1. Based on this model, can you work out whether ASP458 counts as surrounded by fewer than 16 Cβ atoms within 10 Å (Cβ to Cβ) and in a helix (DSSP H, G or I)?
2. Specify which of the listed residues (TYR10, TYR42) is over 28 Å from ASP152 (Cβ atoms), out of contact with any Cys (no Cβ under 8 Å at 6 or more places or on another chain) and either crowded, with 16+ Cβ neighbours inside 10 Å or among the polar types (S, T, N, Q) (or both).
3. How many residues are of a type outside the set (Lys, Arg) and over 21 Å from PHE57 (Cα atoms) when one looks only at region 143-161?
4. Scan region 112-123 and tell me whether some residue there is part of a loop (DSSP other than H, G, I, E, B), closer than 28 Å to ALA331 by Cα, modelled with pLDDT of 95 or more and of a type in the set (A, V, I, L, M).
5. Here are some residues: LYS196, LYS234. Which one is free of Cβ contacts under 8 Å to residues at least 12 places away in the same chain and in a helix (DSSP H, G or I)?
6. Within the bounds of region 380-403, is there any residue that is surrounded by fewer than 22 Cβ atoms within 10 Å (Cβ to Cβ), under 18 Å from SER88 (Cα atoms) and in contact with a Pro (Cβ under 9 Å, 6 or more places away or on another chain)?
7. If I ask for residues that are modelled with pLDDT of 95 or more, outside any helix (DSSP H, G or I) and surrounded by fewer than 19 Cβ atoms within 10 Å (Cβ to Cβ), which ones from region 163-181 would you list?
8. Restricting attention to region 153-165, does a residue exist that is on the phi > 0 side of the Ramachandran plot and touching a residue at least 40 places away in the same chain (Cβ under 8 Å)?
Amino acid sequence: MKFVNLPDEYKAIAEILGKRLGTDAVDVCVEYSHSEELVVSYDGKTGAIKCSAKHHFARALGLFVQYYKKSGGKPFKKTERASFDTLSCMLDVSFNTVLTLDSLKEFTEYLALFGFNQILFYMEDMYEIPGRPFFGYMRGRYTYAELKEFDDYAFDLGVEIVPCMQTLGHLSTYLQWPEASGIKENAMVLEPQNDKTYEFVEQMIVNSSAPFRSKRIHIGCDETHGLGMGASFKKHGYREPLGLLVEHVNRVAEICKKHGLRPMMWGDMYISFASKRYCNYDTEAVISDEIKAAVNPDVDIVYWHYGSLPGCDGALIDKYVELNGRPPFFAGGVRIFVSPLCDNILSEKVTRISLADCKAKGIKEVANAVWCYGMTIYQTCLLELARYGEFCYGDDDRDVVERFEFITGASYDAFMMMSNFNIPYQTEQQRAEASYWADSLGFKFYNCDIMQNIMEVDMINFKPSEYYKQNAGWVKTVTDEEAAMWDAMYEGTKLSEHYRKCADWYSPLCEIEGEWTYLYKFCYSLFEAMAYKCEVIENLRAAYDRGDREMLAKIADELLPGHIAALDAAKEAQMYHKDKYLSPFGAGSVEGGFGSKKQRAIGAVRRIKKYLSGEISHLDELEIEKHRYPLGGPVTFAR
């Protein structure tokens, strides 16, 4: 591919992304020209790309190659217009998912091809602070040089890297060390009203922003629970948390201004203070003059919301506009944090609703947050990021299958099938009615103990109405008819059969060698582990109650060993991912998670065999009456 009139600042994009797209094999001349719309076309002889920004050119380049190869050299034309000025991805690297520098570069290439122009780089303590050796200690923190190289690479691709850190809460990994003893309110939150705290905050702001060109910085300040009730209470007595938050934000804003930075912060605490239920999604929250006066005009507000019922996003956007008279920066979220496998079915619904409301409400900056928590494979977010791009450059995602598969080489269907780990999506109705009532449900099943299982009743008699009432109920009133609909929709669902069916679906993909084979093996093994586990749960107590020694022997000799083998295979696939894409730091918690489940399964085998041999006369764990999982609301959406 040869270019005519290509601006110098676009040439690095053509070179870097050209390698991924294989433009050397595209024998065509493409002329660039400036246009507010993004246009790619080919008349059968020459091509054209029209756009007005670097990130638009990155997206256009991918579109041109995709359509050229699809058409077989026949004429085509594609026109788009961006709905938002900022299309961002918040990438978390603080929860044991520390991407290597090469992985960060690869991830940025994907984002550029999807049309993103910003990464909100969430670090917490993943950067260096001179004189504070325990800040990010043994966590895989990045060096200044690494972050500078990342910023340079992203800049060439038209992507701004905005440092995101925490200046009040979410600092437990540092506050655990004696080095931080003089500045902590509690185990998670920094102490306000303490000059030493602000000396530390300034160190964080300076060192987190230094490697990056951006003059924006995210200062956190979300979920500061317990503010004013720890060390500061003992020293100064009770103060209203809102007043402490206001003072803190004002001091941090002054530090940012001193260093030429424009801060942004999460806005959930303001809505919580305005809510009678202390709920940051309360559509009935009253934004009083006191709350409005608390908002610093020099700090941009970010509204985060990672899943909703229809209507919640639009209503809350209005509440955020009331705070300071201007639209917030909206942050949606990929449903990657709810289980080891991303729920892309729910993500699709959430994206569709939230971005429609953002467009209707005049929002100009949007992000999709990727919170990995170290328990999943971060690339499973790519499908939803691709979908985000399609909605941001158009009004639908009808091209997302072809777009995603062309850019990544992965299977769209395989990524969508992952959703079935969190909740059975067996019918079109279940897919259409996807709702956040199922938040973390599959993960609860995955984590529950085999012998001392608090999820036993729910796993045997899968009845989702109570979950629906819990999670939906604090946003809207749930009728008995709605709850009955959910139960009817899943009536007769046998989880072991569901998970086995999903494992069988992935089995053929595991035989095809390629870049994504390890991921398909990871999916297969997790579904296999759950199929065995659910079959054990469905039969264990019943067999014990009726004295069915044959079934108990099958559980101990076949089903539990199958579960253990599948856990081992999932761990190996996860460690392949860790070794190839991530820093080794945090591997202990990942391996430990698999290890604890394996050891508990081994313990279950031992207990059952002791019972069958007559060494023990009872399995006390199976004689306790089991209840449905205890529910209580509202749900806490903690990251």
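The values are calculated or read from the model by the stated rules, or taken from the named source; none is laboratory data. Bear in mind the structure is a predicted one, so any value in this text is a computation, not a measurement. Note that we place each Cβ from the backbone using ideal geometry, even for glycine, and neighbour counts take in every protein chain shown.
1. Working: surrounded by fewer than 16 Cβ atoms within 10 Å (Cβ to Cβ): no; in a helix (DSSP H, G or I): yes.
Answer is no for this residue.
2. Working: TYR10 fails: over 28 Å from ASP152 (Cβ atoms).
Selected residue: TYR42, the only one of TYR10, TYR42 that is over 28 Å from ASP152 (Cβ atoms), out of contact with any Cys (no Cβ under 8 Å at 6 or more places or on another chain) and either crowded, with 16+ Cβ neighbours inside 10 Å or among the polar types (S, T, N, Q) (or both).
3. So the count comes out to 6.
4. Quick first cut of region 112-123, residues part of a loop (DSSP other than H, G, I, E, B) only: 115-117, 123.
Next, only the ones that are closer than 28 Å to ALA331 by Cα stay: 115-117, 123.
Next, only the ones that are modelled with pLDDT of 95 or more stay: 115-117, 123.
Adding the requirement that they be of a type in the set (A, V, I, L, M) leaves 123.
Yes: region 112-123 contains one or more residues that are part of a loop (DSSP other than H, G, I, E, B), closer than 28 Å to ALA331 by Cα, modelled with pLDDT of 95 or more and of a type in the set (A, V, I, L, M).
5. Working: LYS196 fails: free of Cβ contacts under 8 Å to residues at least 12 places away in the same chain.
Going through LYS196, LYS234 in turn, just one is free of Cβ contacts under 8 Å to residues at least 12 places away in the same chain and in a helix (DSSP H, G or I): LYS234.
6. no
7. Correct list: GLN176, TRP177.
8. At the first step, the residues of region 153-165 found to be on the phi > 0 side of the Ramachandran plot are 158.
Now narrow it down to the ones that are touching a residue at least 40 places away in the same chain (Cβ under 8 Å): 158.
Within region 153-165, one or more residues are on the phi > 0 side of the Ramachandran plot and touching a residue at least 40 places away in the same chain (Cβ under 8 Å).
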